[in-house]
Every structure is written in C-alpha cells, then in structure tokens.
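Notes for the one structure printed next.
Taken together, the values in this text are just the output of simple stated rules run on the coordinates, not laboratory data. Treat the numbers as computed from the prediction; the structure is a model and nothing was measured. Counting neighbours? That spans all protein chains shown, and the Cβs are built from the backbone with ideal geometry, glycine included.
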Amino acid sequence: ILNVEQSPQSLHVQEGDSTNFTCSFPSSNFYALHWYRWETAKSPEALFVMTLNGDEKKKGRISATLNTKEGYSYLYIKGSQPEDSATYLCAFNGHGGSQGNLIFGKGTKLSVKP
Amino acid sequence: KAGVTQTPRYLIKTRGQQVTLSCSPISGHRSVSWYQQTPGQGLQFLFEYFSETQRNKGNFPGRFSGRQFSNSRSEMNVSTLELGDSALYLCASSLGLLFSYEQYFGPGTRLTVT
C-alpha cells in the first residue's frame, strides 16, 4: 500500500514569517509529484507539477523542491500573508502497480495571523 | 476564459439509487479527471478521461464509472449508492494527461446519500 505523508498536520504562523512543510512519498517508481493549495470554500488550485529529481519550482512567494531518491518534497512560503491560509496538499504518482493512480497526502493546514 | 463547471452543485439521493454528475472542462482542455473528498479519507483520485478514453484509474469499485464525450465534457456515474458515497465530488481539466499538466478544478458537486 502506497503512503504519502505530509508534515506537519497544521501550522500557525504570524504574517511575515517564512515557513516550510514536507511531503514524503515512496522513493521507488517515481513518476510525478503535484502540489495543490485548497482554501476553505474554494476549489483546489494546482501549484506545481514536479517530475525530475532536483526540480525546483517557484510561483511568487511559494517555491518547492523535489528529491526523488530519498522520497521527499519541500514547499516553502516566504513572508507568509493571511491570504496564504489554506490546506496544502501533495499527491504522488508512481510507475508500475501504481501507475495511473494519484495518491494524496492528508495535507498541511496553514493559518497565517495578521 | 470560462472555468470548469460542474452540475448539479448539490444533490440528495437515497441509498440504492444511482446518480450522474456532469463536468464541462475549460475550452481546449482534453483531459478531465474526477476526485472524491470525504472527511475520513481526504481527497482521492477516481479516474481520468482523455480523448474519450479512460487513461488512469484510482482504487474505487466498479460502481463508479465515467465517460467522456467528443467535446471533452465528462460524466461520472455512481450506481447502487451507499451512505459512504456521500462526499464532495470534484472534477478538474487539463490540456494533457494530468500527471504532466496543471489541472484546473471545478466548484464540485456535494452529494448526500440518505
């Protein structure tokens, strides 16, 4: 059974703080890793699709790195703002028996206080 | 550019009935994928359709099925509804297969099974 773990489960930071969280996934048979942001009462928003070991992606103040050999990805938010408050989800797709499936983590819920 | 639309937005069904949900992708997008979100299981991938063919599939029973039409619109059907099928059903569209392309989510259909 494939497992995608995200930590921490929740995070409370002050406006202006920089923060990061982790997504751990199986290190074998990697194909792609997705990051999403899901704000309350809205639809999920895709942030990044990462496919290569060593990938680094950036969108505004949010960036992500990928290490497929050790099976983890970090998401960084620089200078958090209240509008960054959301649940951040990662999802893993692997080859072989899991090819074709997208396994989601439980998410990291971020709250940014003004 | 119009976003992804889903109909209906809310639905109440009785156990044992069947239901069909509809998803219209962003114009030009050829892939539509479906997801189920429940408090207990989180977000789970159901399946993806691309060019009218199912390309990828999650771990759901055969009661969950879908199809895609030549205009890329997609429908998802759940037969013999169970109480546990109560969930938010999301669809997302992308230019190409979801494991390589950014997805855009619709607002979801909230299904309640009584």
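Based on the Cβ-Cβ distance of A:Gln81 and B:Gln18, what FRET efficiency does E = 1/(1 + (r/R0)^6) give at R0 = 45 Å, to the nearest 0.05? Don't skip to the answer; put the middle values down first.
Numbers: r = 45 Å, r/R0 = 0.99.
Efficiency, rounded to the nearest 0.05: 0.50.
Could you state the number of Å between the C-alpha centres of the range A:45-99 and the range B:42-114?
For the range B:42-114 versus the range A:45-99, the Cα centre distance is 23 Å.
Please identify the longest segment of chain A free of exposed trypsin sites (Lys or Arg not before Pro), where exposed means a DSSP state other than H, G, I, E or B and no more than 12 other Cβ atoms within 10 Å. Could you put the intermediate results ahead of the total?
Working: sites that count: A:Lys42, A:Lys69.
Here the longest segment lacking exposed loop sites spans A:70-114.
Return the long-range amide H neighbours of B:Gly66 (sequence gap of 5 or more, or a different chain), with a cut-off of under 5 Å between placed amide H atoms.
Those lying under 5 Å, H to H, from B:Gly66 are B:Asn77.
With springs connecting C-alpha atoms under 10 Å apart, model chain B as a Gaussian network and identify which of B:Gln41, B:Gln68, B:Gln103 has the largest mean-square fluctuation.
B:Gln41
Give me the one-decimal nm value for the distance between modelled label points at A:Ser18 and A:Glu45, 7 Å along each residue's Cα-to-Cβ direction.
2.2 nm
Going through the range A:50-114, which GluC sites (Glu not before Pro) have at most 13 other Cβ atoms within 10 Å and a DSSP loop state?
On the way: sites: A:Glu56, A:Glu70, A:Glu83; in loops: A:Glu70.
Passing sites in the range A:50-114 are A:Glu70.
Can you compute the charge dipole magnitude of chain A about its Cα centre, using +1 on each Lys and Arg Cβ and -1 on each Asp and Glu Cβ, nothing else charged? Give it in debye, rounded to the nearest 20.
Numbers: 11 positive and 10 negative charges, 16 e Å.
In debye, rounded to 20, chain A gives about 80.
With the dipole of the range A:1-91 worked out from charges on the C-beta (+1 for Lys and Arg, -1 for Asp and Glu) around the Cα centre, which of A:Ile77, A:Met50, A:Ser24 lies farthest toward the positive end?
Positive-most Cα among the choices belongs to A:Met50.
Roughly what % of DSSP beta bridges within chain B run antiparallel, to the nearest 5? Before the final figure, lay out each step's value.
Numbers: 37 of 41 bridges.
Roughly 90 percent of the beta bridges in chain B run antiparallel, per DSSP.
Which entries of A:Lys42/A:Lys106; A:Lys58/B:Lys57; A:Lys106/B:Lys13; A:Lys59/A:Lys113; A:Lys42/A:Lys69; A:Lys57/A:Lys109 have Cα-Cα distances beyond 26 Å here?
Pairs exceeding 26 Å: A:Lys58/B:Lys57; A:Lys106/B:Lys13; A:Lys42/A:Lys69.
With charges only on Cβ, +1 for K and R and -1 for D and E, what is the dipole size of chain B about its Cα centre, in debye, rounded to 20?
160 debye
Taking 0.36 nm per residue of separation and subtracting the Cα-Cα distance, what length does fully extending B:Ser27 through B:Asn77 add?
15.7 nm
Return the sequence-ordered ³J(HN,Hα) values of the range B:74-88 in whole Hz as given by the Karplus equation 6.51 cos²θ - 1.76 cosθ + 1.60 applied to θ = phi - 60°, using x for Gly and Pro.
In residue order, the calculated couplings are 10, 10, 10, 10, 10, 9, 6, 4, 10, 4, x, 7, 4, 5, 9 Hz.
Which residues among the range A:28-47 fall inside the zone where the amide N is under 15 Å from a point 7 Å beyond the Cα of B:Arg9, along Cα→Cβ?
Output list for this probe position: A:41-43.
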